[in-house]
Amino acid sequence: MNIDTQFNFQAALGDPDKDADKYSLVLQDYHQFLWSKPLPNGRLFELEKLNTSCLLRYKSEDIGMFLSSDRAVATYTRWKRLQHIVNKIPQQKIDDFINITETIGGIIIWPSTKVDGKSTINGERGFNRKICDRLDLTIECIRRYYANEDSPLYDTFKRYDDFFRLFENFKGYVEFFLFQDFVGDDYNTVKVAVPFNNFTSSPVPSTEQEYLSYMDHTTNLVKARNNRIKSYVEGI
């Protein structure tokens, strides 16, 4: 299968009111192709495409789950409280930032079924004020989860422990989903953009300098993951 790491799934729909995570059949195909591969324990993480909201299903002898797509990078370009910052930045730079976040390098899959009526990972990432939909902070929470350390997403991840146990440890998760460029060489650290104060304050940029730093940091990581995805596909 041909994987175009520059493909903008949301723009391709041609309808801003439709969510690419739920309506893009191309994105569903990409997820199935990229992530249907051996887990760290050697078992195949084989994903089946479903017709409902572009869902995917994984089923083995002892576990089954539905998974959905998550365009995982926050740009904050539509946040009213940040318009005084966003409006100072050249429109082309904003457009380029939005575009890169809509490529496969900025997108991931999570279990999609609510547990005990509580938020899914996708939902909690967006509503939790200490995460605010940031992918880098989500990966930091995943690192802490495998290390049995507390984080704003720990309780949410715990509800989906069956999913995280599939990858055995943080390194297994990172390598499976090709997030190596988001972490340090020893897999003990995550490359977190500013602003970040150990989850004690808002992770949303509050100055033009912070926003530009966050934008550049995030853009570089997504581009690096796109390159890694491209290399992975070429090596299959």
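The values are calculated or read from the model by the stated rules, or taken from the named source; none is laboratory data. Since we're looking at a predicted model, the values are computed, not measured. Here the Cβ is made from the backbone with ideal geometry for all residues, glycine too, and neighbour counts use every protein chain on show. With ligands, DNA and RNA removed, areas are computed over all heavy atoms of the protein, side chains included. Shrake-Rupley method; radii C 1.70, N 1.55, O 1.52, S 1.80 Å.
Data table
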| item | result |
| --- | --- |
| For region 202-210, 3J(HN,Hα) per residue [Karplus equation, 6.51 cos²θ - 1.76 cosθ + 1.60, θ = phi - 60°, Hz, x = Gly/Pro] | 5, x, 8, x, 10, 9, 4, 5, 5 |
| Highest-fluctuation residue, ASP19, ASP162, ASP185 considered, GNM on the chain with Cα pairs under 10 Å | ASP185 |
| C-alpha long axis of helix 91-101 to longest principal axis of the chain, angle in ° | 10 |
| Among ALA147, ALA193, ALA74: highest mean-square fluctuation, GNM of the chain, C-alpha pairs under 10 Å | ALA147 |
| Helical mean residue ellipticity (222 nm; -39500 (n - 2.57) per DSSP H run of 4+; nearest 500) of the chain | -12000 deg cm²/dmol |
| Cleavage-rule hits, trypsin sites (Lys or Arg not before Pro), region 1-87, DSSP coil, Cβ neighbours within 10 Å at most 10 | ARG78 |
| Amide H contacts of ILE107 (H built 1.01 Å from N, under 5 Å, at least 5 apart or other chain) | ALA72 |
| For region 30-61 and region 118-188, distance of Cα centres in Å | 19 |
| The chain, accessible surface, carbon-and-sulfur percent (1.4 angstrom probe) | 45 |
| Dimensionless Rg/Rh of region 17-140 - Kirkwood Rh, Rg from C-alpha atoms | 1.02 |
| Choice from THR219, THR113, THR101 showing the highest fluctuation, given a GNM over the chain with Cα pairs closer than 10 Å | THR113 |
| C-alpha long axis of helix 135-146 to longest principal axis of the chain, angle in ° | 40 |
